């Protein structure tokens, strides 16, 4: 056991099923298996999609896998067993139901579903992937959608300044949205040096490899003596919150992107009152008529396909679904060495 995680072993529960469909399931705390299931036939307005690959949301899925949350939190109310992890998949439409006209068999789409070989989903919840954008890059669409909400509430202005705390998947996507928004100073702080080249490729202007509570002097130096107007806390680490408040400029804004399972440990400081800070949370469900699953995903796909949203090198690990136990062991024991952990369903 290391850092509260344990190595688990998947058992193959497969029996012949239509499509030979399989999915990953948490059967209990730190227990993961792959099981067969019947995806069924597409109903009215639905399609069947054959998954090419799905992206692990390491922050969310590690919290769920290890039950790293307090009783009574929304996590506690949400996580019931069996629990089917995952929410970012890409693949090819295999069949369409009645009254589906916008999609046809063979279309490449992104869709929200758990880690599974086939999915039956509403056609309106599938998003066409532009020609030339590889599945392995398009699979990031759900994380980019979540982090768009962080960029939106940040209210970026041309020439703005931001500090992104954490250079994991959420932090990397936050860097890229800041760049796309015209932010001039994008400072990234993380304790893992290997993550910094990816942050620079995504648009970071300065990187600082220090614990956040030791980074103030380096942040000031990177900002020519000024603290950044916006702080993005992407970590999901409750202990980071107090340090984040101390690094925002007067009348600045702190955006909480990482959803901690232990919110009672996030402690306010006097910076909120004495320097007039704004604290705002951003989450997957914060959709509006203007910015929602469809509009954000289409924007991301267009930016990525045109090369204006760098995704090269972000996938650090690729696993076969049958090796799901190993995948979650790596995500738990070697988090600092991981970025995008992908399950490859094609031909499995």
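So the values come out like this:
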{"read-out": "Yes/no for residue 159 being over 19 Å from residue 195 (Cβ atoms), assigned by TED's automatic domain parsing to the domain that holds residue 256 and either crowded, with 19+ Cβ neighbours inside 10 Å or at pLDDT 95 or above (or both)", "value": "yes"}
{"read-out": "Only listed residue being touching a helix residue (DSSP H, G or I) at 6+ places or on another chain (Cβ under 6 Å) and not in a helix (DSSP H, G or I), chosen from 248, 204", "value": "204"}
{"read-out": "Residue that is farthest from the chain's Cα centre (by Cα) [pool: residues in region 295-317 that are surrounded by fewer than 14 Cβ atoms within 10 Å (Cβ to Cβ) and on the phi < 0 side of the Ramachandran plot]", "value": "306"}
{"read-out": "Test: residue in region 82-93 that is in a strand (DSSP E or B), farther than 25 Å from residue 338 by Cβ and touching a residue at least 12 places away in the same chain (Cβ under 8 Å)", "value": "yes"}
{"read-out": "Output for region 29-67, where each listed residue is more than 27 Å from residue 234 (Cα to Cα), in a strand (DSSP E or B) and in contact (Cβ under 8 Å) with a residue 40 or more places away in the chain", "value": "33, 34, 46, 47, 48, 49, 50, 51, 52"}
{"read-out": "Failed condition for residue 71, given (1) modelled with pLDDT under 95; (2) on the phi > 0 side of the Ramachandran plot; (3) assigned to a loop (DSSP other than H, G, I, E, B)", "value": "(2)"}
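The values are calculated or read from the model by the stated rules, or taken from the named source; none is laboratory data. For clarity, every value in this text was computed on a predicted model and none was experimentally measured. When we count neighbours, we look across all protein chains shown, and the Cβ atoms used for this are built from the backbone with ideal geometry, even at glycine.
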